[in-house]
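What follows is a single structure, written as structure tokens, with notes after it.
The values are calculated or read from the model by the stated rules, or taken from the named source; none is laboratory data. A quick note: this is a predicted structure, and the numbers were derived from the prediction, not measured. Reconstructed Cβ throughout: ideal geometry from the backbone, glycine too, with neighbour counts over all protein chains shown.
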Amino acid sequence: MYAIFVLILLQLVGESIVQVSGLPIPGAIIGLILLYAILVWRGEIHDEMSRTSGFLLQNLGVLFVPAGVGVIAYLPMIAAQWWIILLVLLISVCATVAVTGLVVTRLSPRGIDAIEATVRS
Amino acid sequence: MTANRLVSGLEFLAATPLLWLALTLGAYLVAVAVNERCNKMPLLNPTLLAIALVVLVLTVTGTSYKRYFDGAQFVHFLLGPAIVAMAVPLYRHTEMIRKSAGALFVALGAGCVTAILSSVLLTRGLGSGRELWLSMAPKSATAAISMAIAGKIGGVPALTAVLTISTGITGACLASYVLQLVGVKDWHARGFAMGLSSHGIATARAFQENEIAGTFAGLAMALNGIATAVLVPLLIKFLDRIG
């Protein structure tokens, strides 16, 4: 309970900050920044927080199902131009993935894989 | 009598939010099982399969989206806390993020501009109206951000929501193949490319590959949300000026 309470509380604080400040960022991302700051300040991750976040992130895919089903209801909206949209999405997404992946790989310092290996073990 | 009982029982079932909550979770479990049976083939993305299954059931039973969402909202609601929870792996991998910060910063700029310009120029080039390409411009940012941007620049937020979620599904299904094709093997680079191009749905996919891929995908999603909010209005102004 403790961990889920903290996550919801921080999102609530984030949403409130967005309401007051008018920042164009979702409240949940402000909540993420706040939790990160708390972890840096405490210098450790509470066991339960580690387990709860692991559970949520491992099952992240299911959380997009309700919104995805909603998209289908709006499909008639794009029916007339569906082939243009499909073509643009395919090309644009693949180009963005390739450019981003290649830039990160080329510019990352050598030996970062070694850090990956130690973190993973 | 028993027939009446049965009918009222079915009516109760269709009306209770529990049914649609159970359908959402059940469809996803089936989708994951199918995906695993097919060696976790990225094209058979569990989120996409689960959406297809739920849509099939709703269509066959003639259930409205509003009624479905009465139950499914409990799952939808957890998205916010899940995004907050991404702070945990980000904190765990701070050292790696710091070491690659320069590369990530350049990739953020290059990827964000590629996402915006490719979608706007292609949509325009194929002869679509201004409304569609304005709605298309912020599609790689997470839905809450892309809809807000669309509203501000004269696009249609509902249309942007559809395009954004379609972008997420496209990335989740195809990014692994593209990265393999161009020879990007490092987890951090793969994750960053997935999260930047196709936000949360591809981030979910990245977390299934590996925790590091997921972490960098989440980071890219957050950063690209902010970068898109800054760059879309600037690039649209620039495109309007050069005609």
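Within the option set A:Ile25, A:Ile29, A:Ile78, being within 19 Å of B:Val75 (Cα to Cα), within 7 Å of chain B (Cβ to nearest Cβ) and surrounded by 13 or more Cβ atoms within 10 Å (Cβ to Cβ) holds for one residue only, A:Ile29.
All conditions in (1) at the interface with chain B (Cβ under 8 Å from one of its Cβ atoms); (2) touching a helix residue (DSSP H, G or I) at 6+ places or on another chain (Cβ under 7 Å); (3) within 22 Å of B:Glu211 (Cα to Cα) hold for A:Ile85, with the sole exception of (3). Of all residues assigned to region A:91-112, none qualifies as being more than 7 Å from chain B (Cβ to nearest Cβ) and either buried (at least 20 other Cβ atoms within 10 Å of the Cβ) or more than 27 Å from B:Leu181 (Cβ to Cβ) (or both). Exactly one residue among B:Ile201, B:Ile226 is under 21 Å from B:Thr160 (Cα atoms) and buried (at least 21 other Cβ atoms within 10 Å of the Cβ), and that residue is B:Ile201. Being touching a helix residue (DSSP H, G or I) at 6+ places or on another chain (Cβ under 9 Å), outside the structural domain of B:Gly200 (by TED's automatic domain parsing), free of Cβ contacts under 8 Å to residues at least 12 places away in the same chain and not aromatic (Phe, Trp, Tyr) is the requirement here; does B:Ser8 meet it? In short, no. Residues considered: B:Val30, B:Val54. Of these, the only one that is at pLDDT 95 or above, in a helix (DSSP H, G or I) and either crowded, with 16+ Cβ neighbours inside 10 Å or among the charged types (D, E, K, R) (or both) is B:Val54. Each residue in region B:92-113 was checked for being crowded, with 21+ Cβ neighbours inside 10 Å, farther than 18 Å from A:Ile112 by Cβ and facing another protein chain (nearest Cβ under 7 Å), and 1 pass.
In region B:18-30, the condition of being within 12 Å of another protein chain (Cβ to nearest Cβ), in contact with a His (Cβ under 7 Å, 6 or more places away or on another chain) and not hydroxyl-bearing (Ser, Thr, Tyr) is met by no residue.
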